[in-house]
Each structure stands twice: as structure tokens, then as C-alpha cells.
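What follows is a short report on a single structure.
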Amino acid sequence: MFNAKKPSLEELPSSAQLLRSTIIAAVSAVAILVAVVLPAEYGIDPTGAGGVLGLTEMGEIKQELADEVEQDQQLHGSDQSSGLLNDLLGLFVGTAYAQQAWQDTITFTLEPDEFTEVKLVMDEGAQTQFEWIADGGRINFDLHAHGGGQSHTYEKGRGATEGAGEMVAPFAGEHGWFWRNRDDEAVTVTLNLNGAYTEIVRSE
């Protein structure tokens, strides 16, 4: 066995040194919180460091998307499961849909900060093709489904101007978009649809 030499009282840090180290650690933690955590998570940048590091925009994006999820949950209750937010199964993007005759076309205009929903009533396994174009600006969207206590997220986007793809319903219910205009000007969205849905439901 090794016999380690015990430090003497003179070698141990004094109470003043321990207090000084504790204060330095606390100040460092607060600095990290203010300069990094607040901008990156909440878009709050009191020092300006978050803007320089590109963290403030990240935090603003998180807050915008969180606000839009909350708006959608208020419209449909608590059956929107967060555990499936990153599930992209059922979405297949392609350009072939532009060549076909569309079954339905929906056009609507959203003023700045306005939102709306367009949902399709679909049975389990039903397929629907779509394409949409935003004219006049960019728009945020959340393409998801809910029904029978289940929820599913196909895709989410921020500052988008177009989209195309196919939804394959994992369960029976309402499948579609929550749209929100975060631009400073009105945005007109044209949505083309073709597929096995029984009803189109729009709510504001």
C-alpha cells in the first residue's frame, strides 16, 4: 500500500480562498446563463453575445414553434403527443404530383400573426397527395394528425414558401396543417389536394 502524505493545515485552502472560489464559480454560471442559455433557449439576449454567436435566432425559432404547438393544442385538446414530434414516417416528397389533376384547391390569405388550420378527414391507411405555395411572403407550418387519442407529426417548417408530398394516415382522424404567418405582410397560400379523404375541415 502507498502511504500518502497528509496535507498540513498550512497547505489546506483557507475559508477566504474557498469563499472566493465559490463566488467565481457562481459568477461564471450566471454569465453562461445570461450569454448562452437565455439566447439559445428563449431568444432573450441582454448582453448581445447571443446575436454574435447566432444563438438568439435559434432561441427565437424554438419559441415560435412552441407557441404554434400550444395554439394547436388549444384547438384540439391534449391528445397531441410530444413523443411523436420527430416522426416523419408517411411523408414522401416528390414533384410528380404537379403533373396530375387536383381534386381540390384551397386558397386563403393570412395577415401578419394570423393562423388557420386545414385538416382532411382520413381513414387509417388512406393516402393523399398535396402541394402548396405561399405568395407574398413566408409562413410557418405544422403538418400533423390527431384522432382517437392518438397524434402524429409528419413535418414542421419555419419561413417556408412551398411544399409537396404525400400523407399516409397511420390512424383514422384529421390530418393536415396548422399555418401561421410570422411575416410583416399578408401571405396567400394555395393548397392543392388529391387523395382518399372524406371531408375538408378548416378552423381559425
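Only one of A164, A145 is at pLDDT 90 or above, under 19 Å from the mean Cα position of the chain (by Cα) and buried (at least 20 other Cβ atoms within 10 Å of the Cβ). Can you tell me which?
The match here is A145.
Just give me the residues in region 108-135 being in contact with an Asp or Glu (Cβ under 6 Å, 6 or more places away or on another chain) and farther than 25 Å from V168 by Cβ, in sequence order.
Answer for region 108-135, where residues must be in contact with an Asp or Glu (Cβ under 6 Å, 6 or more places away or on another chain) and farther than 25 Å from V168 by Cβ: just P112.
With the requirement that a residue be among the small types (G, A, S) and buried (at least 19 other Cβ atoms within 10 Å of the Cβ), what does region 167-194 give you?
Correct list: A169, G173, G176.
What single numbered condition from (1) assigned to a strand (DSSP E or B); (2) closer than 18 Å to V121 by Cβ fails to hold for N140?
(2)
Cβ-Cβ under 9 Å, sequence separation 6+ or interchain: first residue in region 170-198 and over 16 Å from I139 (Cβ atoms) and free of Cβ contacts under 8 Å to residues at least 60 places away in the same chain, partner part of a strand (DSSP E or B) and of a type in the set (F, W, Y). Which pairs?
These pairs meet every condition: H175/Y154.
The values are calculated or read from the model by the stated rules, or taken from the named source; none is laboratory data. Small disclaimer: the values here were computed from a predicted structure and weren't measured. Using ideal geometry, Cβ is built from the backbone for each residue, glycine included, and neighbour counts are taken over all protein chains shown.
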